[in-house]
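Please find one structure pasted underneath; my questions will follow.
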Amino acid sequence: MKKNYSIAIDGPSASGKSTVAKIIANKLNFIYVDTGAMYRAYTYAVLKANLDPKDEKASESLIGKIEISFDENNHITLNGVDVSKEVRSNEVADNVSYIASYKNIRLFLVESQRKIAQNKNVVMDGRDIGTYVLDHADLKIYQVATAEERANRRYKENLEKGLETSYEDCLHNVNKRDYIDSHRSFCPLHPADDSIEINTTDMTIEEVTNKILQIAKERGIY
Ligand code: DC
């Protein structure tokens, strides 16, 4: 039977994971799975149901009652509806770390993530892909950059999208999310023992993707 390959890309917020993961998936003709979008879609569902994302029990009440997946264009969907724009709102960004810290919600979403990777070649990005979701991934990358550089990237991205934020707000958000993501008790953000760390602070997107593609080639992934 033909083996399925998986590449896990983890790291803190705004370290460039999704940009790089998308390019790699495209080049290798693998499926790109943005697990952060799934936590965001769950958060959006909680807000839409007028539940408090800081209330674990209330947030958990949607487990099994909502369906989060990706459509044929690889857009995130909630109960079959494309919510790719909604999940990028400031309100979702401000609350998603609470939702991502709840164990039962994580288990619910991890089940879908593993199903997606079961019979396909995937590039999956997130925080716990190499340590938990796909702990036997063929290649595990841990992508980092300084908080200042990540805030700067987020700030520029927001400007391009016409969103009004200051650099200070972006830095505050990056630091807050780093803290919550790495201090939760279940599956906190940390590098897998067998991951390869890439510090992207002074690297271009092309340099990062080329480096990962080179390692993937050396490992016989393509
Ligand atoms: O990658 P992102 O910024 O879209 O992720 C949104 C949030 O979800 C972020 O606070 C971390 C969390 N997350 C997680 O805990 N585990 C994942 N596998 C992916 C994202």
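Counting residues that are closer than 30 Å to Ser61 by Cβ and either among the hydrophobic types (A, V, I, L, M, F, W, C) or at pLDDT 95 or above (or both), which strands (runs of 3 or more DSSP E) fully inside segment 107-222 reach at least 3?
In segment 107-222, the matching strands (runs of 3 or more DSSP E) lie at 122-126.
Residue by residue through segment 1-20, note down the ones that are crowded, with 24+ Cβ neighbours inside 10 Å, near the ligand (Cβ under 10 Å from one of its atoms) and not in a loop (DSSP other than H, G, I, E, B).
Across segment 1-20, the qualifying residues are Ala8, Asp10, Lys17.
Every residue, every condition in (1) surrounded by 14 or more Cβ atoms within 10 Å (Cβ to Cβ); (2) of a type outside the set (Val, Ile, Thr); (3) under 12 Å from Gln143 (Cβ atoms), yes or no:
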| site | (1), (2), (3) |
| --- | --- |
| Tyr179 | no, yes, no |
| Ser182 | no, yes, no |
| Cys187 | yes, yes, no |
| Ala192 | yes, yes, no |
| Glu197 | no, yes, yes |
| Ile205 | no, no, yes |
| Ile212 | yes, no, yes |
| Ala216 | yes, yes, no |
| Arg219 | no, yes, no |
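Being at positive phi and over 14 Å from the mean Cα position of the chain (by Cα) is the filter here; which residues of segment 16-44 pass it?
Asn29
Shifting gears a bit: Looking for something within 30 Å of Asn104 (Cα to Cα), in contact (Cβ under 8 Å) with a residue 60 or more places away in the chain and of a type in the set (A, V, I, L, M) - is there at least one such residue anywhere in segment 202-215?
The answer is no, given that none of the residues of segment 202-215 is within 30 Å of Asn104 (Cα to Cα), in contact (Cβ under 8 Å) with a residue 60 or more places away in the chain and of a type in the set (A, V, I, L, M).
If a residue must be crowded, with 22+ Cβ neighbours inside 10 Å and either near the ligand (Cβ under 10 Å from one of its atoms) or more than 16 Å from the chain's Cα centre (by Cα) (or both), how many such residues does segment 117-129 contain?
So the answer is 6.
Taking the condition of being more than 26 Å from Glu157 (Cα to Cα) and modelled with pLDDT of 95 or more, how many residues in segment 1-23 meet it?
2
If Gln143 passes every condition in (1) farther than 21 Å from Ala192 by Cβ; (2) in contact with a helix residue (DSSP H, G or I) (Cβ under 6 Å, 6 or more places away or on another chain) but one, which one does it miss?
In the conditions (1) farther than 21 Å from Ala192 by Cβ; (2) in contact with a helix residue (DSSP H, G or I) (Cβ under 6 Å, 6 or more places away or on another chain), Gln143 misses (1) alone.
For segment 22-35, which positions are within 15 Å of the ligand (Cβ to nearest atom) and over 19 Å from Gln118 (Cβ atoms)?
Lys22
If a residue has to be more than 11 Å from the ligand (Cβ to nearest atom), closer than 14 Å to Ser101 by Cβ and surrounded by 15 or more Cβ atoms within 10 Å (Cβ to Cβ) to count, how many in segment 36-61 make the cut?
5
Let me ask another. Select from segment 99-116 the residues that are surrounded by 13 or more Cβ atoms within 10 Å (Cβ to Cβ) and hydrophobic (A, V, I, L, M, F, W, C) and write down the one among them that is nearest to Met38 (Cα to Cα).
By that ranking, first place goes to Leu109.
Considering each of Val133, Val174, Val96 in turn, give the residue that is more than 9 Å from the ligand (Cβ to nearest atom), under 16 Å from Gly36 (Cβ atoms) and touching a Lys or Arg at 6+ places or on another chain (Cβ under 7 Å). Outline the logic, then answer.
Details: Val133 fails: more than 9 Å from the ligand (Cβ to nearest atom); Val96 fails: more than 9 Å from the ligand (Cβ to nearest atom).
Checking each option against the conditions leaves just Val174.
The values are calculated or read from the model by the stated rules, or taken from the named source; none is laboratory data. Being a predicted model, the structure only gives us computed values, none of them experimental. Don't worry about glycine lacking a Cβ; one is built from the backbone with ideal geometry, like all the others, and counts go over all protein chains shown.
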